[in-house]
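Some notes on the structure that comes next.
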Amino acid sequence: MVETIEVLFQEGLLKVLFATETFSIGLNMPAKTVVFTSVRKFDGKSMRWVSSGEYIQMSGRAGRRGLDERGVVIMMIDEKMEPAVAKDMVKGESDRMNSAFHLSYNMILNLLRVEGVSPEYMLEKCFYTFQNDANIPQYEKELAQLEQERDVIVVEREEEIAGYYEIRKQIDTYTQDVRDVMNHPTYCLPFLQPGRLARIKYDNMDFDWGVVVNYSRVNRGKKDVDAEPVYVLDVLLVCSNDSSASKDAAGNTVGIKPATDSKDAQLLTVPVSLNAIEVMSHIRLNLPSNLRNKDSLKAILKSINEVKKRFPDNIPLLDPITNMGIKDPAFQKLVSKITVLEKTLLAHPLAQSPDLPTLYNQYTSKMEATNKIKALKKRITDAQSIVQLDELKNRKRVMRRYVTICMFVYKE
């Protein structure tokens, strides 16, 4: 049936064809015009937007070679679509072709029966190995560039700043552990009342102090009944005037960035996860009932600036033990470790040095380059090794043991 439709369509006997996504992708049937009756699809789990690869593949049918100067693509949008979603769909890249090669016992047995061909030879010549090998020259070029950047960085008093750096990194690690406990719903939800000041770091951007509006629990469906609940926090963030909160294809908020100047600032309500909370303050602001009114938002922004002026050094924070009531001994031990490390840091010879910020930034840049070099060397080593060779050895070992067991049973 499909072949008959393909022949009739190519001969021009079918003027209009309503086809599914699979039909439009799998056959060679160029058309003058392609119409998308919908740009959302069900992928087996949920409804989502058509990806850029799917759009490119299906819209590529428009335009018949030798007959049309250009193909026409019509998208029928029957619901609200954010500009970022449309841009990613139309101007995105096609899906990358990746090898789906995988070993099986049947494949290994068939290869062992063929003279002149071994499973190792097949692994060496497969498309997956070719893809990895094709990246090696680019990796080596990046490695040489990174090593050159690292060697250019010369840090004075490197041994001293290295010790200071390690203590700081350890403090940061422990602080993140403390923050993860504080941001657990059990402890933080009782303090997320409307108006609470909280410092927010979202998408690797520091938005400074924002105002909590409310929080809600995300419905994860019946399959995840036993899973830990997930909460979304709505926060008024101080963003730049050219920011416009919108959703991308994955449902994440995009198009926002922190304000760099008080004159270039506006308040936007942004949904974030609880992990975006850096710290919470004692202070709560009185929020108006209508948060869509521009005058109300200006008043809230003014209140935030007033609090920052009143506490120029440190805005009072909620103490995890005294205020939030976290009595876990392991957590209290973690807080004590941070206190000890901070005292050690203050007693460090470089703690009072005016050159500390410069030296620390230089050493941090050098360490970042060193870590990138280590990661890239590992990628080069993995790319140069034969893919799935360990799995092949393991499967051969299983088959040898199986043969040994069968021979033993046969003799018995």
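Numbers below:
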item: Tally, over the stretch 94-126, of residues that are closer than 21 Å to Ile380 by Cβ, exposed (fewer than 12 other Cβ atoms within 10 Å of the Cβ) and not charged (D, E, K, R); result: 1
item: Flag if Thr344 is polar (S, T, N, Q), in a loop (DSSP other than H, G, I, E, B) and under 20 Å from Thr175 (Cα atoms); result: no
item: Evaluation of Ser296 against (1) free of Cβ contacts under 8 Å to residues at least 12 places away in the same chain; (2) open to solvent by less than 50 Å² (accessible area, probe 1.4 Å); (3) over 21 Å from Val213 (Cα atoms) (one fails), failing number; result: (3)
item: Filter result for the condition that a residue is touching a Leu at 6+ places or on another chain (Cβ under 7 Å), over 30 Å from Pro119 (Cβ atoms) and surrounded by fewer than 16 Cβ atoms within 10 Å (Cβ to Cβ), over Ala330, Ala351, Ala369, Ala347; result: Ala351
item: Unique match (being of a type in the set (A, V, I, L, M) and modelled with pLDDT of 90 or more) among Ala351, Ala383, Ala369; result: Ala369
item: Residue under evaluation Leu192, criteria (1) open to solvent by less than 70 Å² (accessible area, probe 1.4 Å); (2) touching a helix residue (DSSP H, G or I) at 6+ places or on another chain (Cβ under 8 Å), criterion not met; result: (2)
item: Helices (runs of 4 or more DSSP H) contained in the stretch 1-119 and holding at least 2 residues farther than 30 Å from Val254 by Cα and in contact (Cβ under 8 Å) with a residue 12 or more places away in the chain; result: 2-10, 21-26, 105-113
item: Verdict on Thr358 being part of a helix (DSSP H, G or I), surrounded by 12 or more Cβ atoms within 10 Å (Cβ to Cβ), free of Cβ contacts under 8 Å to residues at least 40 places away in the same chain and more than 30 Å from the chain's Cα centre (by Cα); result: yes
item: Selected residue (only one of Ala227, Ala245, Ala259 is at pLDDT below 90 and within 19 Å of the chain's Cα centre (by Cα)); result: Ala245
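Each row is one residue, and each column tells you yes or no for (1) in contact with a helix residue (DSSP H, G or I) (Cβ under 6 Å, 6 or more places away or on another chain); (2) at pLDDT 80 or above; (3) open to solvent by less than 80 Å² (accessible area, probe 1.4 Å); (4) farther than 18 Å from Glu21 by Cα.
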position: Ser38; (1), (2), (3), (4): no, yes, yes, no
position: Arg48; (1), (2), (3), (4): no, yes, yes, no
position: Ser59; (1), (2), (3), (4): no, yes, yes, no
position: Ala62; (1), (2), (3), (4): no, yes, yes, no
position: Arg70; (1), (2), (3), (4): no, yes, no, yes
position: Glu82; (1), (2), (3), (4): no, no, yes, yes
position: Lys87; (1), (2), (3), (4): no, yes, no, yes
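The values are calculated or read from the model by the stated rules, or taken from the named source; none is laboratory data. Since we're looking at a predicted model, the values are computed, not measured. Please note: Cβ atoms are built from the backbone with ideal geometry, for glycine as well, and neighbour counts cover all protein chains shown. We work out accessible area using only protein heavy atoms, side chains counted, and drop any ligands, DNA or RNA first. Shrake-Rupley method; radii C 1.70, N 1.55, O 1.52, S 1.80 Å.
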